[in-house]
Amino acid sequence: MNITIVIPTYNEAENLPKITAALLALPLPALNLLVVDDNSPDGTGQIAEQLGSETGGRVNVLHRPGKRGLGSAYIQGFGRALSHGADAIGQMDADFSHPIEKVLELVDILAFADVAIGSRYVPGGALDERWPFWRKGLSSFGNFYARTILGLKVRDTTGGFRLWRRETLLGMPLERVKSNGYVFQVEMIYLATLLGFKAREIPIYFADRRWGQSKMSLRIQLEAAYRVWFLPGFYKDLRGKRSLS
C-alpha cells in the first residue's frame, strides 16, 4: 500500500527533521511524506527540500506563498497525493502531538474502514497530563459541542490524526470544503458520515508539542464554534447519498 502522510507546516524547522526521521523509520517502505509549507520564515520549506534529497524522494514539498490556513493546506495536499497515486492518505501535525507508532495501527484499521482516526476520546485515549484543567475541559467540550449539533458518533471530531482510503477522498466533494481552521477536521468527518463512509477510532495519547509554539488562536476557536451550525444546511443535498465519483 502506497501511503502519503500530509503534514502542513508553518515555522516547524526544529520539528520537521525529527518527525521525518521517526516516520520513515517505521516498517512501511511505501510510506512517503508531503510537506505543505506556507512560506515559513524560519526556512521550514527549504529544510523539507533538503530532506527530500536526503531520503531519495520520500519527502516531497508543496510550497505555498503565505499562510492560507490548515484546511486549504490539507485539501491541496490531498489533491497532490491522490494525483501521485497514493492508496492511503494520512494527516498529522509536525509537533509530535500524535504518536508516531500508532500510524501502524491506523494502517491495519484501514483494511476494514474508510477512515481510521487516532482518538483522544475513546476508552484508552488521553490528553497530556500537563494540560491545565481548563484546556482539557475546552477540548472535551468542543468535541461534545460538535457531536451534539451534527449528530456524529465519532468521538474525536476535532482531532487531526487520520488515515483515509484513496476511494474515500475520491468519493467526497473536497472542492466544497471551506473551513480553514481546526473546524476543518469536523467538516471532513461530518461530510464523510453524510456520504455513508465508515470511520473507526483507535485510542491515542495526545501529547503537548515538544518544540515551537501552538498555532491555536481565539479566532480559530470562534470559527469552529459558529461554523459547525452551518454545516447541516450547507450539505443538506448530500443526506443519505453516497458519492459514486
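The values are calculated or read from the model by the stated rules, or taken from the named source; none is laboratory data. Since the model is a prediction, treat every value here as computed from it, not as a measurement. We place every Cβ from the backbone using ideal geometry, glycine too, and count neighbours over all the protein chains shown.
State whether one or more residues within segment 185-197 are surrounded by fewer than 16 Cβ atoms within 10 Å (Cβ to Cβ), under 29 Å from L16 (Cα atoms) and either modelled with pLDDT of 95 or more or in contact with a Ser or Thr (Cβ under 9 Å, 6 or more places away or on another chain) (or both). Within segment 185-197 (the criterion being surrounded by fewer than 16 Cβ atoms within 10 Å (Cβ to Cβ), under 29 Å from L16 (Cα atoms) and either modelled with pLDDT of 95 or more or in contact with a Ser or Thr (Cβ under 9 Å, 6 or more places away or on another chain) (or both)), the answer is no, since none of the residues qualifies. Out of curiosity, is E101 surrounded by 23 or more Cβ atoms within 10 Å (Cβ to Cβ) and out of contact with any strand residue (DSSP E or B) (no Cβ under 7 Å at 6 or more places or on another chain)? So E101 fails the test. Looking at segment 106-115, can you tell me whether even one residue there is buried (at least 16 other Cβ atoms within 10 Å of the Cβ), touching a helix residue (DSSP H, G or I) at 6+ places or on another chain (Cβ under 8 Å) and within 24 Å of E14 (Cα to Cα)? No, that holds for no residue. Checked against the criterion of being out of contact with any Ser or Thr (no Cβ under 8 Å at 6 or more places or on another chain) and surrounded by fewer than 23 Cβ atoms within 10 Å (Cβ to Cβ), the candidates L70, L62, L51 yield just one match: L62. Cβ-Cβ distances below 6 Å connect the following pairs, each with a first residue in segment 93-109 that is in contact (Cβ under 8 Å) with a residue 40 or more places away in the chain and closer than 20 Å to G77 by Cα, a second residue that is polar (S, T, N, Q) and in a loop (DSSP other than H, G, I, E, B), and a separation of six or more residues or different chains: A94/N15; D95/N15. Within segment 219-245, the set of residues being assigned to a loop (DSSP other than H, G, I, E, B), of a type outside the set (S, T, N, Q) and either under 22 Å from the mean Cα position of the chain (by Cα) or modelled with pLDDT under 60 (or both) comprises Y235, R242, L244. For A86, the criteria (1) touching a Ser or Thr at 6+ places or on another chain (Cβ under 6 Å); (2) at pLDDT below 95 hold in every case but one, which is (2). Might you check whether a residue that is touching a Ser or Thr at 6+ places or on another chain (Cβ under 8 Å), in a helix (DSSP H, G or I) and without any contact (Cβ under 8 Å) to a residue 24 or more places away in the chain occurs anywhere in segment 129-139? The answer is yes; a qualifying residue exists. Of the helices (runs of 4 or more DSSP H) lying entirely inside segment 1-105, the ones with 2 or more residues being within 16 Å of the chain's Cα centre (by Cα) and under 26 Å from P203 (Cβ atoms) are found at 16-24, 70-83. Within segment 2-21, one or more residues are more than 22 Å from Q76 (Cβ to Cβ) and free of Cβ contacts under 8 Å to residues at least 24 places away in the same chain.
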